[in-house]
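Peer 1: There's a structure below that I have some questions on.
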Amino acid sequence: MTANEHDRFFVPAVSGRFERRLIADLAAGRCAAIRVPDFFSPDECALVMNALLKVEFAAYGRARVWPEVMRFGVGVSDHRHNGTISEKYWAAVDESRRAWEELSLPFDPFELCRTRLGADLPQPVEVARHDGRVMGAGVAREPNQGFLVHFDDAQREFSNGFLDANVICQFAFNLYLSVPDSGGETVVWRHRWHPADDKHKPAGSYGFKESVVGDAESFQMIPRIGEAVLLEPRYFHAVRPSGGGRRIALGFSVSMTDTGQLLTWG
Ligand SMILES: O=C(O)CCC(=O)C(=O)O
Ligand SMILES: [Fe+2]
């Protein structure tokens with residue numbers, strides 16, 4: 001296939017909700033992302049954003065994540081040690097849970113995401129467990145300077161038994177609470193990691209040089225406030241730098257198990 005030919009399965013689907021059929025399409029590779037505008041109402045977004053305006057965000061580890069990305073809450077990616085979850089993660093999860101509770105929101109935004117994400121599914125969407133312990137529910141992420149080209153695949157980053165379930169595939173979930181005036185697009189390339197790609201990866205960085213995607217087909221999504229996106233994170237993807245204004249999204253990973261249940265973790 002040459003670069004200007006189009007794969008009909010490499011498309012973002014758009015819908016009023018996360019239909020069971022579309023989630024199956026994403027898992028099966030019949031689409032590359034699902035976009036649900038107005039997943040949160042403007043009031044719901046404003047409530048969470050106003051609370052987040054009053055707290056300080058912390059940076060992801062700068063050795064691995066540069067340009068700097070800010071976050072409120074904990075992600076397992078900063079607590080990976082030789083392919084396992086380091087013990088410090090669990091204390092950070094407790095701390096993060098407390099910090100979110102201290103916002104005193106009238107609802108738990110991650111729980112609301114899970115409920116709506118699972119509304120058309122036969123099983124509830126739940127937070128994943130690892131060795132019986134409940135993992136983190138997610139983070140508020142602020143990549144104002146963008147995310148480098150990267151892919152996310154826990155089965156490559158962690159050794160077997162990452163979750164207490166038989167995982168079939170993994171998605172990335174984002175709910176946009178604040179978007180910049182310009183920039184901040186999410187770009188997805190029709191290219192999946194190949195061992196030879198590592199020559200485009202500076203040592204220690206989570207990201208690759210853009211040369212890794214070559215002339216692969218791509219699409220971009222301009223985030224809107226209240227929109228939720230579920231994407232296939234094994235496709236290389238990036239976030240472009242923001243041109244003024246904060247770009248803040250609630251984010252977590254989603255794993256589909258062999259019973260079709262969705263489990264979230266961050
Ligand atoms: O913020 C976004 O749009 C995508 C961020 C990302 O890299 C991910 O969710 O895996
Ligand atoms: Fe990602």
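Peer 1: Among the residues of segment 179-199, is any farther than 30 Å from ASP38 by Cβ, among the basic types (Lys, Arg) and surrounded by 14 or more Cβ atoms within 10 Å (Cβ to Cβ)?
Peer 2: Within segment 179-199, none of the residues are farther than 30 Å from ASP38 by Cβ, among the basic types (Lys, Arg) and surrounded by 14 or more Cβ atoms within 10 Å (Cβ to Cβ).
Peer 1: Among all residue pairs at least 6 apart or on different chains, which show Cβ distances below 8 Å where the first residue, located in segment 143-165, is closer than 17 Å to HIS194 by Cα and the second is in a loop (DSSP other than H, G, I, E, B) and among the charged types (D, E, K, R)?
Peer 2: Between residues of segment 143-165 that are closer than 17 Å to HIS194 by Cα and residues that are in a loop (DSSP other than H, G, I, E, B) and among the charged types (D, E, K, R), the close pairs are VAL149/LYS209; PHE151/ARG234; ASP152/ARG234; ASP153/ARG234.
Peer 1: Any chance segment 194-204 includes a residue that's assigned to a strand (DSSP E or B) and at pLDDT 95 or above?
Peer 2: Checking segment 194-204: not a single residue is assigned to a strand (DSSP E or B) and at pLDDT 95 or above.
Peer 1: Follow-up question, since we're still on this one. Would you check which residues across segment 222-248 are within 13 Å of ligand 2 (Cβ to nearest atom) and either touching a Ser or Thr at 6+ places or on another chain (Cβ under 8 Å) or in a loop (DSSP other than H, G, I, E, B) (or both) and list them?
Peer 2: VAL229, LEU231, GLU232, PRO233, ARG234, HIS237, ALA238, VAL239, listed by residue number.
Peer 1: Which of the helices (runs of 4 or more DSSP H) contained wholly in segment 59-172 include at least 1 residues that are surrounded by 13 or more Cβ atoms within 10 Å (Cβ to Cβ) and within 16 Å of ligand 2 (Cβ to nearest atom)?
Peer 2: 154-157
Peer 1: Given the conditions (1) away from ligand 1 (no atom under 12 Å from the Cβ); (2) part of a strand (DSSP E or B); (3) surrounded by fewer than 17 Cβ atoms within 10 Å (Cβ to Cβ), and given that ASP215 satisfies all but one, which numbered condition is not satisfied?
Peer 2: (2)
Peer 1: Then there's this: Is it the case that segment 153-171 has a residue that's at pLDDT 95 or above, in contact with a helix residue (DSSP H, G or I) (Cβ under 9 Å, 6 or more places away or on another chain), of a type in the set (A, V, I, L, M, F, W, C) and near ligand 1 (Cβ under 10 Å from one of its atoms)?
Peer 2: Within segment 153-171, one or more residues are at pLDDT 95 or above, in contact with a helix residue (DSSP H, G or I) (Cβ under 9 Å, 6 or more places away or on another chain), of a type in the set (A, V, I, L, M, F, W, C) and near ligand 1 (Cβ under 10 Å from one of its atoms).
Peer 1: While we're here: Kindly list, by first and then second residue, each pair from a residue in segment 237-266 that is of a type in the set (Asp, Glu) to a residue that is surrounded by fewer than 21 Cβ atoms within 10 Å (Cβ to Cβ), limited to pairs with Cβ atoms under 7 Å and residues at least 6 apart or on different chains.
Peer 2: Short answer, once both residue conditions are applied: ASP258/ASN166; ASP258/ILE168.
Peer 1: Only one of (1) more than 16 Å from ligand 1 (Cβ to nearest atom); (2) within 15 Å of the chain's Cα centre (by Cα) fails for TRP100. Which number is that?
Peer 2: That leaves (2) as the condition not met.
The values are calculated or read from the model by the stated rules, or taken from the named source; none is laboratory data. This is a predicted model, so every value here is computed, not measured. All Cβ positions, even for glycine, are placed from backbone atoms using ideal geometry, and neighbour counts span all protein chains on display.
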